[in-house]
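Here's the structure, in structure tokens; my notes come after.
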């Protein structure tokens, strides 16, 4: 649908009251989309019901990081809900999709020869444990979640048992942590290559619309792609205005918040920054509830959509570089309340 839309077409959708249909298209029609094999509980806990609605009878509770076998995606909730996707688990339980991260379990062969500059690795299992040190008196690091990205700086061997470990760099602590190679896929350079490089830089721009919680990427007047987002909530609202994608990194360790909402997030993937104080478009693994404000100011996207934005925007980050910082450069991003703002 987006392949033939122009910005004017999108404005007409909103004016004709058809935006909801467009959003449903972006959601791949929840009742027909192919379900992920598994989901990981991303919230502290979620409740299952005997129907795809919070009005149903409660069946069970599942705590953070529990793995659920998803048998189908269904349309549930109530008319007017911003997200009506529910998952059926087993034969007769339903959970709201916003608190469930779709995951897979894919094991990888260790890559034993890596560039000295380092490479990007993605976690391909629901979660993997990391460790600060491996040989003498190691202690547990952060839990690394599916689709998070990590800067793999090398491969090392445990003196005790000869096992291989990836050595990953944490830019926030300027330290290294270790993760088992079978849980991490090393990304080839072509997977980091720019998207639509033939389009002149002046013809690319992004609009983030706060009211419908939408991101739209344009090549000239043509809508190249669109997706739902979650922007800043309450006092942490996402700022409006014009920005550029001047600072990018494939992975970030983010910490912040206040006493009521502290966060410490390792491996936040595909970070495209808009401001010097850290407002960015980036991937999200701690919720799957796009379409409503949820963040501390950043623009939350699914990991796949964040990766697409990262690769599509200028300037590109060369393979082997942990970040790129070019003030005044980059693709233009306009953040407004709505398409008509």
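A short reminder: the numbers here are calculations on the coordinates, not readings from a lab. As the structure is a computational prediction, the values presented were derived from the model and not from experiment. Positions of Cβ are generated from backbone atoms using ideal geometry, with glycine treated the same way; all protein chains shown enter the neighbour counts.
Computed across the stretch 119-187, the Kirkwood radius stands at 11.9 Å (inverse of mean 1/r, all Cα pairs). Taking label positions 7 Å along the Cα-Cβ direction at both residue 6 and residue 78, the computed distance is 4.1 nm, reported to one decimal. Restricting attention to the chain, close to 90% of DSSP beta bridges with both partner residues there are antiparallel.
Let me have the relative contact order for the stretch 119-187, percent, based on Cα pairs under 8 Å that are six or more residues apart. Value for the stretch 119-187: 38 percent.
Of interest is the spacing of the C-alpha centroids, which for the stretch 276-341 and the stretch 110-187 amounts to 25 Å. Full extension of the chain between residue 69 and residue 304 yields a length gain of 82.5 nm, computed as 0.36 nm times the residue separation minus the alpha carbon distance.
State the volume of the convex hull built on the alpha-carbon positions of the stretch 192-336, expressed per residue in Å³ and rounded to an integer.
On the way: hull volume 14.9 nm³, N = 145.
Per-residue hull volume (Cα only) is 103 Å³.
Remark: 222, 228, 140 ranked as 140, 222, 228, counting other beta-carbon atoms within 10 Å and listing the fewest first.
If the chain between residue 171 and residue 322 were fully stretched, how many nm would it gain, using 0.36 nm times the residue separation less the Cα-Cα distance?
Values: separation 151, 0.36 × 151 = 54.36 nm, distance 0.91 nm.
Answer, rounded to one decimal: 53.5 nm.
The modelled label-to-label distance between residue 193 and residue 240, using points 7 Å beyond Cα along the C-beta direction, is 4.1 nm. Computed over the stretch 31-103, relative contact order equals 39 percent, with contacts defined as Cα pairs under 8 Å that lie 6+ residues apart. When you restrict to C-alpha pairs under 8 Å that are six or more residues apart and normalise by the size of the stretch 192-336, the relative contact order lands at 34 percent. In a fully extended conformation the segment linking residue 336 and residue 276 would gain 19.7 nm over its present Cα-Cα distance, using 0.36 nm per residue. Here 87, 287 are placed in order of increasing Cβ neighbour count within 10 Å, fewest first, which gives 287, 87.
What label, among (1) 20.5, 67; (2) 23.1, 74; (3) 19.7, 58, belongs to Rg and Dmax of the Cα atoms in Å computed from the structure on display? The listed entry that was calculated here is (1). Please give the FRET efficiency for residue 107 paired with residue 253, using the beta carbon to beta carbon distance and R0 = 30 Å, rounded to the nearest 0.05. In this case the efficiency is close to 0.75.
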